[in-house]
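The values are calculated or read from the model by the stated rules, or taken from the named source; none is laboratory data. This is a predicted model, so every value here is computed, not measured. Please note: Cβ atoms are built from the backbone with ideal geometry, for glycine as well, and neighbour counts cover all protein chains shown. To get the accessible areas, we keep the full protein, side chains included, count just its heavy atoms, and leave off ligands, DNA and RNA. Shrake-Rupley method; radii C 1.70, N 1.55, O 1.52, S 1.80 Å.
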Amino acid sequence: MKPTGAARIAGVVGDPIAHSLSPSLMSAWIEAAGINAVYTPYRVESEQAEAFFRVLARTNCAGLNVTLPHKQTALAASDDASKAARAIGAANLLTFRDGRIHADNTDAAGFLNALRAGGVDPSRGPALILGAGGAARAILYALVEAGAPEIRLSNRSRANATAMAADLAPGVRIHDWERRDEALAGVALIVNATSLGLSGSGDLVFDWSRAPADAVVADSVYKPLETGFLRDAAARGLKTIHGLGMLIGQARPSFEAFYGVSPPESVAAEDYLVSLLEASR
Ligand code: NDP
């Protein structure tokens, strides 16, 4: 249906925002669900982000998804926050009620959903996380919550990995970035949470011969869908999971929070986003 003046409003805020796949996915779900709703992309500069959240919270807007570089500001601007958002130190979902801002983080749940959709049990064995930025924090939190028996970290700047571990999981073992291949021994899950592999950046290189044959390799990057990291792992016969699963996994609970209904299963979300990515190449 076409939105009316009574439409339920939500959106995504970031800077830049034009590349975001969320408006297309959310709009496809809105159309399939037949609800009176809209989902709008907002480009907002960092200096204005907090004021923007505060103003929208006092309007008929139901809430916002938040992407780079505003996830920390979103948490700081909130009146209350979920355990996940507080632990991760960032929010990708804000919901508004009576002028108050509630912050949540659905990236962690999105990552676990992507693993489970791929038939991967996150507690099956040791996990190696590469990176120590926002995505890595959500993935570390998710794996701790899911009961991963051992977690290893490697990041270009060791200090960032040390700080992340101190905040979220003091027991994790940190491996030097230059010697990250050594962390592959006996590992069940390897996750790229760095921005390496993104179109235009370099590839993340590994000596996959050191990984167990049944290891699963996941990437948070989804543009391109098949990064060099995943391609090399697949060439060694390892099972791979691309970054769209995490994106869709974080969008589902956001849709429910904004519009009060589940995203319709009739939309083949992954196929739809793959077609959008291919069209934009
Ligand atoms: P951040 O900027 O917070 O972190 C970037 C990370 O990448 C840091 O660990 C950084 O290391 C590392 N890094 C950057 N450049 C290099 C390099 N040249 N060599 C080695 N390491 C490097 O970004 P995010 O954590 O928010 O995002 C990371 C990736 O995850 C992005 O590609 C993003 O698109 C993706 N993402 C995907 C999501 C999904 O739903 N699929 C959700 C969120 C993010 P250092 O600490 O040394 O700077």
The answer for the chain, accessible area per residue at 1.4 Å probe in Å², is 45
In nm, the gap between the two label points placed 7 Å beyond Cα toward Cβ at S201 and R124 is 2.6
Note to self, the chain gives a 222 nm [θ] from helices alone (DSSP H runs n ≥ 4, -39500 (n - 2.57) apiece, / all residues, nearest 500) of -11500 deg cm²/dmol
Placing each pseudo-label 7 Å from Cα in the direction of the beta carbon, R236 and K83 end up separated by a distance in nanometres of 3.5
H19 and R173 label points (each 7 Å along its Cα→Cβ direction) are spaced in nm at 3.5
Sequence order, the stretch 85-93: Karplus ³J(HN,Hα) from phi using 6.51 cos²θ - 1.76 cosθ + 1.60, θ = phi - 60°, Hz rounded, Gly and Pro as x, gives 4, 5, 5, 6, x, 7, 10, 10, 9
Given backbone amide H placed at 1.01 Å from N, residues whose amide H is under 5 Å from that of T106, ignoring those fewer than 5 places away on the same chain, are N92, L93
Of the residues T162, G249, A49, the Cα lying farthest along the dipole of the chain towards its positive end, which is defined by charges on the beta carbon of Lys, Arg, Asp and Glu, belongs to A49
On the formula 1/(1 + (r/R0)^6), with r taken between the Cβ atoms of V274 and E145 and R0 of 30 Å, the FRET efficiency rounded to 0.05 is 0.55
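Kindly provide the trypsin sites (Lys or Arg not before Pro) of the stretch 34-143 that DSSP labels as loop, not H, G, I, E or B, and whose Cβ sees at most 12 other Cβ atoms within 10 Å.
Working: sites: R43, R54, R58, K71, K83, R86, R97, R100, R116, R124, R137; in loops: R58, R124.
Those satisfying the criteria are R58.
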The set of residues whose placed amide H lies less than 5 Å from the amide H of G63, leaving out same-chain residues fewer than 5 positions away, is G11, F96
Cross-link reach from K83 to lysines, straight Cα distance under 28 Å and at least 8 residues apart if same chain, gives K71
Given GluC sites (Glu not before Pro), DSSP loops and at most 12 other Cβ atoms within 10 Å, the longest exposed-site-free stretch of the chain is 46-264
Once the in-chain neighbours fewer than 8 apart are removed, the aspartates and glutamates whose Cα is under 13 Å from K223 read D203, E278
